[in-house]
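Chemist: Encoded as structure tokens, here's the structure I'll be asking about.
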Amino acid sequence: MKICGITRAEDALAAAGAGAHAIGLVFHAPSPRCVTPAQAAEIIHALPPFVTAVGLFVDAPAEKVRLTLAQAPVSLLQFHGAEPPDFCRQFGLPYVKAVRMRARADLLQYARDYRDARALLLDTYVEELHGGSGVAFDWGLIPSGLPLPVVLSGGLTVENVGAAVRRVRPGAVDVSSGVESAKGVKDAGKIAAFIKEVRNADG
């Protein structure tokens with residue numbers, strides 16, 4: 001379970017305390033959940049052990065990624081743009097590749113192209129947005145037998161995540177807007193309720 005779009009250390013601690021396995025830090029300036037490398041470093045240093053800090057980038061130049069990583073020591077990279085496989089694998093860290101889901105998305109081809117990714121993160125296609133849309137996609141678009149784990153994202157909430165887990169059986173779920181009180185501000189109660197629903201559905 002990953003809580004994405006963390007902008008405050010107290011929200012990261014709430015997520016970890018509720019049982020989240022990872023938190024996401026957005027390094028994409030157009031996003032209302034964007035943090036600076038310095039802000040991210042403070043959040044990362046507040047995390048307890050065994051909670052993964054994930055850095056999210058969207059078509060960032062390689063030098064910007066490197067400069068960010070030098071200040072904010074994330075453990076996993078998440079690429080949400082049109083980054084080719086060679087770009088994703090050049091930073092010496094494991095990565096996941098996001099796919100913005102549309103009817104013509106060929107996930108089997110993505111899995112072949114990004115075969116060294118830790119997972120494919122499946123999110124909703126919304127023009128001009130790269131995550132955090134609050135809109136779910138048609139889970140029926142996900143084929144069975146993908147050779148990479150699936151991280152399910154896009155419009156997940158306390159109300160629908162149980163059904164999503166039971167239907168898709170993803171390797172992980174990723175939520176941002178579904179546990180917020182305002183953009184970039186997480187609600188500890190919603191986080192706890194969301195994680196409880198995931199555990200109940202995965203039992």
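Chemist: Given Cα pairs under 8 Å that are at least 6 residues apart, what percent is the relative contact order of the chain?
Modeler: Relative contact order here is 20 percent.
Chemist: Tell me, how many Å apart are the Cα centres for region 149-165 and for region 54-84?
Modeler: 24
Chemist: Right, next: So which GluC sites (Glu not before Pro) in region 132-203 pass both tests, a DSSP loop state and at most 15 other Cβ atoms within 10 Å of the Cβ?
Modeler: 159
Chemist: For residue 8, what is the net charge nearby, where nearby means another residue's Cβ is under 13 Å from its Cβ and Lys, Arg count +1, Asp, Glu -1?
Modeler: -2
Chemist: Next question. Can you give the log10 of the normalised intensity I(q)/I(0) at q = 0.19, 0.20, 0.35 Å⁻¹, computed with Debye over equal Cα scatterers of region 70-109?
Modeler: Ignoring solvent entirely, the Cα scatterers give -0.63, -0.69, -1.28.
Chemist: Can you give the Rg and Dmax of the chain based on its C-alpha atoms, in angstrom?
Modeler: Every Cα atom of the chain included, Rg and Dmax give 15.6, 43 Å.
Chemist: Additional query: Over region 33-154, give the accessible area per residue in Å² for a 1.4 Å probe, as an integer. Kindly include the intermediate steps, with their values, before the conclusion.
Modeler: Details: 5810 Å² over 122 residues.
Spelled out: the 1.4 Å probe surface of region 33-154, per residue, equals 48 Å².
Chemist: When the expected Rg is taken as 2.2 N^0.38 Å, what fraction or multiple of it is the alpha-carbon Rg of region 1-89?
Modeler: Normalised Rg, Cα atoms only: 1.02.
Chemist: Another question, if that's okay. Convex hull over the Cα atoms of region 46-162, averaged projected area in nm²? Before the final figure, lay out each step's value.
Modeler: On the way: hull surface 33.9 nm².
For the Cα atoms of region 46-162, the hull's average projected area reads 8.5 nm².
Chemist: Let me ask you something else. Show 21, 28, 80 ordered by accessible area, largest first, where the area counts protein heavy atoms only and the probe is 1.4 Å.
Modeler: Largest accessible area first, the residues go 21, 28, 80.
Chemist: Using a 1.4 Å probe over the heavy atoms of the protein chains, calculate the carbon and sulfur portion of the accessible area of region 1-155 as a whole percent.
Modeler: For region 1-155, the apolar C and S fraction of the accessible surface comes to 55 percent.
Chemist: Equivalent ellipsoid semi-axes for region 22-70, as square roots of 5 times the alpha carbon gyration tensor eigenvalues: give them largest first, rounded to whole Å.
Modeler: 19, 12, 10
Chemist: Moving on. Given the options 177, 153, 75, which has the most mean-square fluctuation in a GNM of the chain, springs set between C-alpha atoms less than 10 angstrom apart?
Modeler: Fluctuation is largest for 75.
The values are calculated or read from the model by the stated rules, or taken from the named source; none is laboratory data. The structure displayed is predicted, hence computed values, not measured ones. Quick reminder, even Gly has a Cβ in these numbers, built from the backbone with ideal geometry, and neighbours come from all protein chains shown. Remember, those area values only see protein heavy atoms, side chains included, never the ligands or the DNA or RNA. Shrake-Rupley method; radii C 1.70, N 1.55, O 1.52, S 1.80 Å.
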